[in-house]
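What follows is a set of notes on a single structure, which appears directly below.
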Amino acid sequence: MSYTHKSKIAGVTAALAITALTLVGCAGSSTDDPAGGPVKGIAFLAGSPDATYVVAEREGITETAKAAGYKVDSFSADYDPARQQSQCDTAISSGKYSGIIIIPVSGPTAVPCVTQAAAAGIKVASLDVQVGPKLGATGIQTKGIVAQIYADQNTLVAEQAKLVLKACKDAAKCVIGAVTGDPAYPDQAVARQAWRDQVAKHPSLEIAGEVEGGFSNADGGISATQSLLQTAPEINVIVVDDDETATGVVAELARQGKSDTVQVIGTGGTAAALERITKGTQFATIAYIPKESAIRVTKMLLTAIGGGKIATPSLDLTAVTKDGVAVTRSNVSSFLPGY
């Protein structure tokens, strides 16, 4: 599944659009240092709090920027698009930044931030989530984005479906349970539908239930697993939105004595998940590589700030790693933990 957030989007999109129109003309920021050259500052606007995934991304951004002589200031919107817009306004008006890296709370509500920043001469790169009105699209949608690395849901769920088929060992019928994040979040809805569409392509696969487990929530994984097994005790595979929640799923299956009969497929590529895959208590994961992606997108942003041309400004997550994103016991030794 995707890198996802809880969303509080209702009612703010129109307000953010009005804010953009009001503020573009009065931001008053400059990307030039009085001593000459660009201001040596980058604002990192994270959509979510400091989960381990975001920490890894911040490390990649900070280390890469520091090596180029730039200072990074981090902001967290705590899943609130209005708060993220306010933080963007602050960054633009401060005059401290020649670049912004944004992980949008949602793609549509981040458009005003990018528009305002571009009008102020600030280069913007997006990470994980595309900035724009169309969820699940490919390519740059919003003028002002100079680079992006994003998680294409269609590609990722296709890889996940392949892993499910492997876990099912070509059985005539394979029953799947899904532990999802917050279904109210737009990208989550896109990913869930893309997942259902993939499963529908395979007559042997059957979804027995989808239960919300939350994000990065081992306790949520425990309760979701209990619910799934009560509803469909014949489940063969449980697909989980993130590897931290999968920790609870694996624990609950062990408690119920089902570790050998129910396979777990996670998302993320955490150190704990790779260890479980090595031991055989988790079948597979889809490896997100937050630090590597953050390093790559920061280098792209710095190129743009310096006036250089970015050869490929839009990259799907799968293009960042040479080893692909599907991790099983057969290739786990080739992967370093993403976070």
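Just so you know, all these numbers are worked out from the coordinates, no wet-lab data involved. Note that the coordinates shown come from a computational prediction; the quantities given were computed from them, not determined experimentally. As a convention, Cβ positions derive from the backbone with ideal geometry for all residues, glycine included, and neighbour counts pool all protein chains shown.
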Assuming R0 = 45 Å, what is the FRET efficiency of LEU165 and ALA68, from their Cβ-Cβ distance, to the nearest 0.05?
0.55
With just the Cα atoms defining each centre, how far is the stretch 53-102 from the stretch 290-339? Give it in Å.
19 Å
Over the chain, what relative contact order in percent results from Cα pairs under 8 Å that are six or more residues apart?
19 percent
Using the Karplus equation 6.51 cos²θ - 1.76 cosθ + 1.60 (θ = phi - 60°), what ³J(HN,Hα) coupling, rounded to whole Hz, does each residue of the stretch 80-89 give in order, writing x for Gly and Pro?
10, x, 5, 5, 5, 5, 4, 5, 5, 4
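Relative contact order for the stretch 138-217: what percent, with Cα pairs under 8 Å and sequence separation of 6 or more? Display every interim value, and only then the final one.
On the way: 69 pairs, mean separation 29.6, N = 80.
Here the relative contact order equals 37 percent.
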Reachable aspartates and glutamates, given that their alpha-carbon falls under 20 Å from the alpha-carbon of LYS279 and they are not under 8 places away in the same chain:
ASP242, ASP243, GLU244, GLU252, ASP260
Label LYS134 and ASP219 with points 7 Å out from Cα along Cα→Cβ: what is the distance between them in nm?
4.2 nm
Among rounded, prolate and oblate, which fits the chain when a ≥ b ≥ c are the square roots of the eigenvalues of its C-alpha gyration tensor, a/c under 1.5 means rounded, and a/b larger than b/c means prolate?
prolate
For the table LYS169/LYS201; LYS134/LYS309; LYS134/LYS169; LYS162/LYS309, the rows whose alpha-carbon distance is greater than 28 Å are LYS134/LYS169; LYS162/LYS309
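Of all trypsin sites (Lys or Arg not before Pro) in the stretch 243-339, which ones are in loop regions per DSSP and have a Cβ with at most 11 other Cβ atoms within 10 Å? Provide the component values of the computation, followed by the final result.
Values: sites: ARG255, LYS258, ARG276, LYS279, LYS291, ARG296, LYS299, LYS309, LYS322, ARG329; in loops: LYS258, LYS309, LYS322, ARG329.
When the trypsin sites (Lys or Arg not before Pro) of the stretch 243-339 are filtered for loop state and at most 11 Cβ neighbours within 10 Å, LYS309, LYS322 remain.
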